[in-house]
Amino acid sequence: MNTLFYREFAVLAEEKNYMEAAERLYMNQSTLSKHIKTMESELGVPLFDRSTRRVELTEYGKALLPHALSITRSEFEYSSLLMQMQNREKGIMTLGTIPPMAQYGIIGLLAAFQNEYPDSHVTILEEDSQNLLHLLWEKKCELIFFRESKLDFEKNFLDDQEVVRLPFVQDHLIAVLPCGHPLADNIQVTLRDLKDENFCLIKEGTLLYEMSVNACQASGFIPNISFTSHRIESLLDMVSTGDYIALLTNLHVAPPKFAPADEERPWMPVELTPNINSQISLCYLANSRLSKSAQNFVNFCQCRCIKKQRMPGSAEHPYV
């Protein structure tokens, strides 16, 4: 039996409607109906009850569904693995990275790499650190720019024998206040000073969200979180209304290198004390053989880091 039929069966079981399932599968209803009837004929049992307006699984269909999902998942994983192997042979490297890339110097680094290695091809995935590590373990990325707290980095750099970490850049949390806020002109504030404020944070489920909430709790209060978003611009827009403050990193609000000068901003970045630091590293699996492109990228980054460290007053972005 054509294994694609199992995916079509699973989608129809979820949608319970031929038209909606066919639209989701980018095929016409008659073809979907023909495939389902072929499955039923080959298996010798009815899979759907068509006596009602919305098709429902029969007992045979319910028994088949978990196996169909397993077959569909296995085929996707196997196809993905083959594609990754083919990409490696073609010199295509998949790089996972935290957003935003420009402020962290990653775009400039990739441009310089492509200029030096024009035959190397890079596919980029932007994800939060929580997801990037999974992508690395699942070998969906060869390399990742990964964030962790400074304390976790220092421990993992020495103890983690499975993931190689090449330090890239450090950042730290800051408070972003509306310009009219009474504390906006301060050189620094404590989180305790902000305990009665309405906060807007990076989306739940991210490392920065976790770091921000933990830091507030360590300062003796539970933050009133009014808004969360993956987009830095949205958080800054909320601050601009005058009713919220954001916890971001110093590099989130730094203008990208070579960017045109901005107009006067309606918000003000203010340092937090004590510092809440994080480390971004270029990571790869220690026991995994890197593709030629990935190895070239690692070598390129290490070489630029060494050159940068030789320059006086350098290394906020040691690779850039």
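The values are calculated or read from the model by the stated rules, or taken from the named source; none is laboratory data. These numbers were taken from a predicted model, which means no experiment stands behind them. Neighbour counts are summed over all protein chains in view; Cβ atoms, including those assigned to glycine, are modelled from backbone coordinates with ideal geometry. With ligands, DNA and RNA removed, areas are computed over all heavy atoms of the protein, side chains included. Shrake-Rupley method; radii C 1.70, N 1.55, O 1.52, S 1.80 Å.
The table below lists the values:
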{"quantity": "Qualifying residue in segment 246-253 (condition: surrounded by 16 or more Cβ atoms within 10 Å (Cβ to Cβ) and more than 20 Å from Ile106 (Cα to Cα))", "calculated": "yes"}
{"quantity": "Hits in segment 56-67 - residues which are open to solvent by less than 70 Å² (accessible area, probe 1.4 Å) and either within 15 Å of Lys16 (Cβ to Cβ) or of a type in the set (Lys, Arg) (or both)", "calculated": "Leu57, Thr58, Gly61, Leu65"}
{"quantity": "Selection from segment 177-188 of residues that are surrounded by 13 or more Cβ atoms within 10 Å (Cβ to Cβ) and either within 23 Å of Ser234 (Cβ to Cβ) or in contact with a helix residue (DSSP H, G or I) (Cβ under 9 Å, 6 or more places away or on another chain) (or both)", "calculated": "Leu177, Pro178, Cys179, His181, Leu183, Ala184, Asn186"}
{"quantity": "Enumeration of residues in segment 199-212 that are open to solvent by 20 Å² or more (accessible area, probe 1.4 Å) and either charged (D, E, K, R) or at pLDDT 95 or above (or both)", "calculated": "Lys203, Glu204, Glu210"}
{"quantity": "Extreme residue, nearest to Leu151 (Cα to Cα), among residues of segment 236-255 that are over 23 Å from the mean Cα position of the chain (by Cα) and part of a loop (DSSP other than H, G, I, E, B)", "calculated": "Tyr244"}
{"quantity": "Residue within segment 39-55 that is touching a Ser or Thr at 6+ places or on another chain (Cβ under 8 Å) and either under 16 Å from Arg7 (Cα atoms) or open to solvent by 90 Å² or more (accessible area, probe 1.4 Å) (or both) present", "calculated": "yes"}
{"quantity": "Tally, over segment 207-235, of residues that are part of a strand (DSSP E or B) and under 22 Å from Lys150 (Cα atoms)", "calculated": "0"}
{"quantity": "Number of the condition not met by Gln188 [criteria: (1) under 26 Å from Ile280 (Cβ atoms); (2) in contact with a Lys or Arg (Cβ under 9 Å, 6 or more places away or on another chain); (3) in contact (Cβ under 8 Å) with a residue 60 or more places away in the chain]", "calculated": "(2)"}
{"quantity": "Filter pass, Arg24 being of a type outside the set (S, T, N, Q), within 23 Å of Tyr78 (Cα to Cα) and touching a residue at least 60 places away in the same chain (Cβ under 8 Å)", "calculated": "no"}
{"quantity": "Residue list for segment 116-133, restricted to those being open to solvent by 60 Å² or more (accessible area, probe 1.4 Å) and among the aliphatic types (A, V, I, L, M)", "calculated": "Ile124, Leu125"}
{"quantity": "Hits in segment 281-302 (condition: over 16 Å from Thr123 (Cα atoms), surrounded by fewer than 17 Cβ atoms within 10 Å (Cβ to Cβ) and either of a type in the set (S, T, N, Q) or touching a Phe, Trp or Tyr at 6+ places or on another chain (Cβ under 7 Å) (or both))", "calculated": "Asn287, Ser288, Asn299, Gln302"}
{"quantity": "Pairs, first closer than 18 Å to Asn287 by Cα in segment 138-154, second of a type in the set (Lys, Arg) and open to solvent by 70 Å² or more (accessible area, probe 1.4 Å), C-beta under 9 Å, six or more apart", "calculated": "Glu142/Arg88"}
